[in-house]
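Some notes on the structure that comes next.
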Amino acid sequence: VDPQSFGLWMKMLAALPDSIAADPVKADTWDGMLDMAMVYENVPVSIVFGSNQGFSTAPTLALTALLADEPLAGAIRQQLLDATALLIETEGVYGSGDDLTAAVRLRTLLLMYDMVFAEADSQLTADLLEEVRDYVRTMTTDFLFYRGLYNPYGSNHGIAIGATLIRAELCLRDDWPGDTLLTIARILGEQLVAKGMTDLLGSDGSYGEGGLYLAYSYRFLAPVYEAVYRLDGEQLWDEARLQATLEWAAY
């Protein structure tokens, strides 16, 4: 792992508790995350990642596994490891036949590897990386996943897939240095995001698929924008259009 990237990550993580304690809104949000984690602490692993809604819990649960007190943190960490192993065993790239769900699953696998797998055994880690590689290889070569580059297929699906491919390159560049597959993933990911945003995001901030899918797209984009800016010093977003979008969404 690149020491500089790891150092930045650990510094950000160490600063989070004080940041949460100093901000009432963050503190309330964190309390809600802990309540959610306590619900998931004892549910069967088969339903932790049982749907797109279940997969959307991955960032919250992963953060509680890192920052919550024991024994909750350890219990959630084990739940996530067990659920990820089940996901690898039972679902493949085409598991749902849906391109967006595949992107959600890949995003989840990357989050688990990035945030939870420090305590995973070597075989589970190897299995996860093999699964991730299968996803990235398929999503960069099958038209089902890169069709968002072409009219009339541009949609939030293409944006989500593109953002997830960028995330894969960011997450795995230190594990697979110089890997051509990651280079392709980064290029294709940025192209998919650019195509989708160009087609769907108006200069007035309006989004062609409506507010729900605007929010869904930004759930994928926001952390990737931040990571690319932090790691590469590159700003992928247009500040003026982003501000217009926030205004449009508010209205």
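The values are calculated or read from the model by the stated rules, or taken from the named source; none is laboratory data. All values derive from a computational prediction rather than experimental measurement. All Cβ positions, even for glycine, are placed from backbone atoms using ideal geometry, and neighbour counts span all protein chains on display. When the accessible area is computed, the model is the full protein with side chains, heavy atoms only, and any ligands, DNA or RNA have been set aside. Shrake-Rupley method; radii C 1.70, N 1.55, O 1.52, S 1.80 Å.
Some observations on this one:
- With R₀ set to 25 Å, the beta-carbon distance separating T29 from N52 gives a calculated FRET efficiency near 0.70.
- Inter-label distance, E41 to S19: 2.6 nm, where each label sits 7 Å from its Cα along the C-beta direction.
- Given [x] 18.1, 51; [y] 20.2, 74; [z] 22.3, 71, the label whose value is Rg and Dmax of the Cα atoms in Å derived from this model: [x]
- Between E226 and A73, full extension at 0.36 nm per residue minus the direct alpha carbon distance yields a gain of 52.5 nm.
- Check: the chain dipole with +1 on Lys, Arg Cβ and -1 on Asp, Glu Cβ, in debye: 500
- Once both labels are positioned 7 Å from their Cα atoms along Cα-to-Cβ, the gap between A250 and T183 label points is 4.4 nm.
- Normalised per residue, the accessible area of region 74-153 is 43 Å², obtained with a 1.4 Å probe and no contribution from ligands, DNA or RNA.
- Helix-only arithmetic for the chain: the sum of -39500 (n - 2.57) across DSSP H runs with n ≥ 4, divided by the residue total, places the mean residue ellipticity at 222 nm at -23500 deg cm²/dmol.
- Where labels lie 7 Å past Cα in the beta-carbon direction, separation of D238 and D127 in nm: 4.5
- The chain, accessible surface, carbon-and-sulfur percent (1.4 angstrom probe): 55
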